[in-house]
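The values are calculated or read from the model by the stated rules, or taken from the named source; none is laboratory data. Source: prediction; values computed, not measured. All Cβ positions, glycine included, derive from the backbone under ideal geometry; neighbour counts span all protein chains shown. SASA here: full protein model, heavy atoms, side chains in, ligands and nucleic acids out. Shrake-Rupley method; radii C 1.70, N 1.55, O 1.52, S 1.80 Å.
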Amino acid sequence: MKKNIQICLGSLLLVLGSIFTACGPDARLDMVGMFAGTSPTIDKRFEVSQKYNQQTGFATLQAPADDYHVYVCTDTHITKTRTRWEYFINTYREDVLCPVAVHLGDIIDARTDFAYVQESLAPQKVLANQQMKADTLMAVCGNHDIYFSLWEKFINAFKTSSYYFVVQTPSGKQDLFVVYDSADGTVGKNQLQWLEQTLDWADKQDFRHIVACTHTHFFKRDGSQGHTSNYTLEETYALLNLFTKHGVEMVWSGHDHSREITQVKGMTCIVVDSMKDEDKEPYYMLVTMGEKIDYEFVAVP
């Protein structure tokens, strides 16, 4: 009996070992990273982002019209192909009404190098917080972007994961977009304080609209994402209370791979569909920022 137990335990350890090491160059599950976190914690990541923000400031982009377009996608999970990612880039680049696009996280999947992603952004090198006349991509950090200790490569590519940017229209109207890091299902104390300070500052400005952009969504519809599905109840309450108090009109997120639209105290929380090459029905969101915010979901061929 004792010998049988030892054999079973040995077999179990072998299975667990193969899972947790995610053997092979194409392995897509970072089991250790899902639970222990092999990238820096949110407080450390936020500290790195703040140092960059202090050096460069925050971007103000010029819109071509008072009613302009923002293209939004998420969860491309790029591995060996980037067909739909490149389609998305080419589409927003060709739209003369689009000064900025937003990717809501999980840009890559597993061990894909961000350099492979950046190649498709040529000839312009597009980075978060970079000011350009058009053709600007703002990146959100997702959980797959920090698995396998990939945080350093993400930050080398996009420089910051907690920041804001302003879009100014020809008539002087301004819209504020606040990007925050929720890659491991929490915002952390320091980043939450920064969000409070940023929105306190925004109260004193004359912003037409305020939008928050992140990866992890507020509400857990199922268990498809495991323990990374959403924030703790305490953080959910704190963020919802903070955003509705300061007039945030929309929260854009990804992570769940399926569309969800929820109204909370006059604020619209949108989970955007995933846009992987393997998806049968991929979509991106096309937003028109005008006197009101309109949006539609566009199928990717």
Verdict on Phe243 being modelled with pLDDT of 95 or more, over 14 Å from the mean Cα position of the chain (by Cα) and in a helix (DSSP H, G or I): yes
Residue list for segment 259-280, restricted to those being open to solvent by less than 30 Å² (accessible area, probe 1.4 Å), assigned to a strand (DSSP E or B) and of a type outside the set (A, V, I, L, M, F, W, C): Thr268
Val166 vs. criteria at pLDDT below 95 and either open to solvent by less than 20 Å² (accessible area, probe 1.4 Å) or out of contact with any Phe, Trp or Tyr (no Cβ under 6 Å at 6 or more places or on another chain) (or both): no
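Is one or more of the residues making up segment 37-51 among the basic types (Lys, Arg), part of a helix (DSSP H, G or I), open to solvent by less than 30 Å² (accessible area, probe 1.4 Å) and modelled with pLDDT of 95 or more?
Yes - at least one qualifying residue is present in segment 37-51.
Going through segment 52-71 one residue at a time, which ones are assigned to a strand (DSSP E or B), open to solvent by 10 Å² or more (accessible area, probe 1.4 Å) and in contact with a helix residue (DSSP H, G or I) (Cβ under 9 Å, 6 or more places away or on another chain)?
Within segment 52-71, His69, Tyr71 qualify.
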Breaking point among (1) within 20 Å of Ile107 (Cβ to Cβ); (2) surrounded by fewer than 18 Cβ atoms within 10 Å (Cβ to Cβ), for Tyr283: (2)
All positions within segment 246-258 that are modelled with pLDDT of 95 or more and open to solvent by 20 Å² or more (accessible area, probe 1.4 Å): Gly247, Glu249
Those residues of segment 214-225 which are in contact with a His (Cβ under 8 Å, 6 or more places away or on another chain) and either modelled with pLDDT of 95 or more or outside any loop (DSSP other than H, G, I, E, B) (or both), in sequence order: His215, His217
Scan of segment 187-199 for residues that are crowded, with 19+ Cβ neighbours inside 10 Å and over 20 Å from Gly57 (Cβ atoms), ordered by number: Val187, Gly188
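Residues checked against (1) surrounded by fewer than 19 Cβ atoms within 10 Å (Cβ to Cβ); (2) part of a strand (DSSP E or B):
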{"residue": "Met138", "(1), (2)": "no, yes"}
{"residue": "Thr160", "(1), (2)": "no, no"}
{"residue": "Ala183", "(1), (2)": "no, no"}
{"residue": "Trp201", "(1), (2)": "yes, no"}
{"residue": "His209", "(1), (2)": "no, yes"}
{"residue": "Ala212", "(1), (2)": "no, yes"}
Arg84 vs. criteria at pLDDT below 90, of a type in the set (Lys, Arg) and either assigned to a loop (DSSP other than H, G, I, E, B) or under 20 Å from the mean Cα position of the chain (by Cα) (or both): no
Members of segment 87-129 that are on the phi > 0 side of the Ramachandran plot, modelled with pLDDT of 90 or more and not charged (D, E, K, R): Gly105
